[in-house]
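Each reported figure results from applying straightforward, stated rules to the coordinates on display, with no laboratory input. Model, not experiment: these values are computed from the prediction. Cβ: placed from backbone, ideal geometry, glycine included. Neighbour counts: every protein chain shown.
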Ligand SMILES: C[S@@+](CC[C@H](N)C(=O)[O-])C[C@H]1O[C@@H](n2cnc3c(N)ncnc32)[C@H](O)[C@@H]1O
């Protein structure tokens, strides 16, 4: 276990990981047609209708929020990273859509009883210790109107753990490379990523650590936060099994 990269993430560590390099390799990881499919899946699983007010927590550079806005949904995107929020705003302007982008922390949200739905997409949950992760769920619940739905899309830990740890994953764009070294901490149920980016002759090293909750953990945490009817799906919205690469949880306030 590497204690340096285990446990809760600080805002500074998150800001370093989710910055310009994250945007630069973004379309290689999620090609535009993949993001199109993911946005449609979110519409289907949350049963979104034109005019619904929807909140994405950890919206990144707006690859999902801007697409949802094109579908007629009223979207708000919140993120901790000013660099990513700026990119998201530019993307919205390019697409000619209106999205409310807010710089903020998902652990302390400014809204009460406002949204029809909220979601955290692409492993955007579990960065903190259990108390703060559960606080995120309570804040999401408070932001939703009664009957509002919450969706969380996360790596499926059973699928994840099938790969021998540490695992190395290389992404290349032009002459630049991003090397992700994944390791699992079986004592804290966290996965850790050490990321080395070699870009334009510079080397940058950042870290990400996230908690790997199972479905029964989500049920317990979501019910404690005030949700009911907790359901799960695999990637593409099919049945969730140990072979699913993703665990998608949907619950109702
Ligand atoms: C894995 S990215 C996913 C981005 C986006 N959901 C997507 O699918 O492209 C996680 C995002 O969560 C944001 N984030 C991390 N911690 C946060 C916090 N405490 N409050 C708000 N956003 C946060 C990061 O800045 C990053 O943009």
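What translational D, rounded to a whole number of µm²/s, comes out for the range 161-206 from Stokes-Einstein when the hydrodynamic radius is the Kirkwood one over Cα pairs, at 20 °C and 1.002 mPa s?
The Stokes-Einstein estimate is 186 µm²/s.
Hey, in the GNM for the chain with a 10 angstrom Cα cutoff, which one of 221, 106, 167 fluctuates hardest?
167
With springs only between Cα atoms under 10 Å, which of 56, 90, 33 fluctuates most in a Gaussian network model of the chain?
Maximum fluctuation in the GNM of the chain, among the listed residues, is at 33.
Run the simple label-point estimate for residue 167 and residue 40 please: 7 Å along Cα→C-beta, distance reported in nm.
Result: 2.7 nm between the two label points.
Helix-only mean residue ellipticity at 222 nm, the chain, DSSP H runs n ≥ 4 weighted -39,500 (n - 2.57), per residue, nearest 500. What is it?
-8500 deg cm²/dmol
Please compute the modelled spin-label separation between residue 134 and residue 146, points set 7 Å along Cα→Cβ, answer in nm with one decimal.
Each label point is offset 7 Å from its Cα along the Cβ direction, giving 2.5 nm.
When the Kirkwood radius is taken over all Cα pairs of the range 172-231, what Stokes-Einstein diffusion coefficient follows at 4 °C and 1.567 mPa s, in µm²/s?
Rounded to a whole number, D works out at 91 µm²/s.
How large is Rg over Rh for the chain, taking Rg from the Cα atoms and Rh as the Kirkwood inverse mean of 1/r across Cα pairs?
Computed over Cα atoms, the ratio is 0.94.
Which of rounded, prolate or oblate describes the range 20-82 when judged by the alpha-carbon gyration tensor and an a/c cut-off of 1.5?
Oblate, since a/c reaches 1.5 and b/c is not below a/b.
Taking the mean number of other Cβ atoms within 10 Å as a proxy for protection, how do you rank 7-14, 63-70, 76-83, 126-133 from highest to lowest? Walk me through the numbers on the way to the answer.
On the way: 7-14: 14.9, 63-70: 24.0, 76-83: 20.8, 126-133: 17.9.
Ranking, from highest mean packing down: 63-70, 76-83, 126-133, 7-14.
In whole angstrom, note down how far apart the Cα centers of the range 78-115 and the range 7-65 are.
If we compute the Cα centre of each part, the gap is 11 Å.
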